[in-house]
Amino acid sequence: MALPDGIAIPARRVLLVEDEALVAMIAVDSLSELGYDVVEVATARAALEQAHPDCAAFEFAVIDMGLPDRPGDHLIVELRKIRPNLPIIVASGYGESEVRRRFEADERFAFLNKPYERTSLRAAIDSLGLADRPREPTC
């Protein structure tokens, strides 16, 4: 695809919000192998700082429910205020029924049971219709 000078196809960026180092390391490896550039943070506060609207958008976010500074579902509500169309994958080892019920009307939401492997992560990405979506040029 030819683009005018100064316009570049961005990396497929994903925001990973995970406070457990080993889980984060595995997730980064899996997402990288799937072709994503991962921005990794361990707190909701850091996630909100990264997600402020700018030209370099995230394709989606993977959010742990048990973050040290606030629950992941609270972070989702805050993210929706600044990035209403951001697809979100919730990764949790806790029961999914309560989380699914809370966000059942949200079409840009998927749940991923922990522990997870690359195949289940890929399935969650696919369920949001993101796997083969073309990248858009940056501003």
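For the stretch 60-87, which residues satisfy the criterion of being within 15 Å of the chain's Cα centre (by Cα) and either among the acidic types (Asp, Glu) or farther than 14 Å from residue 44 by Cα (or both)?
Within the stretch 60-87, 60, 64, 73, 78, 83, 84, 85, 86, 87 qualify.
A quick yes/no check of all residues on (1) touching a Cys at 6+ places or on another chain (Cβ under 8 Å); (2) within 15 Å of residue 16 (Cα to Cα); (3) without any contact (Cβ under 8 Å) to a residue 24 or more places away in the chain; (4) among the polar types (S, T, N, Q):
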residue: 60; (1), (2), (3), (4): no, yes, no, no
residue: 67; (1), (2), (3), (4): no, yes, no, no
residue: 73; (1), (2), (3), (4): no, yes, no, no
residue: 85; (1), (2), (3), (4): no, no, yes, yes
residue: 88; (1), (2), (3), (4): no, yes, no, no
residue: 95; (1), (2), (3), (4): no, no, yes, no
residue: 103; (1), (2), (3), (4): no, no, no, no
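For residues that are within 14 Å of the chain's Cα centre (by Cα) and not small (Gly, Ala, Ser), scanning just the stretch 108-117, find the one that is nearest to residue 29 (Cα to Cα).
112
Residue 38: at pLDDT 95 or above, under 22 Å from residue 100 (Cα atoms) and part of a strand (DSSP E or B), yes or no?
No.
How many of the residues in the stretch 1-25 are assigned to a helix (DSSP H, G or I), surrounded by 14 or more Cβ atoms within 10 Å (Cβ to Cβ) and modelled with pLDDT of 95 or more?
Qualifying residue count, the stretch 1-25: 1.
The values are calculated or read from the model by the stated rules, or taken from the named source; none is laboratory data. Quick caveat: nothing in here was measured; it's all calculated off a predicted structure. Every residue, glycine as well, gets a Cβ built from its backbone with ideal geometry; the counts of neighbours run over all protein chains shown.
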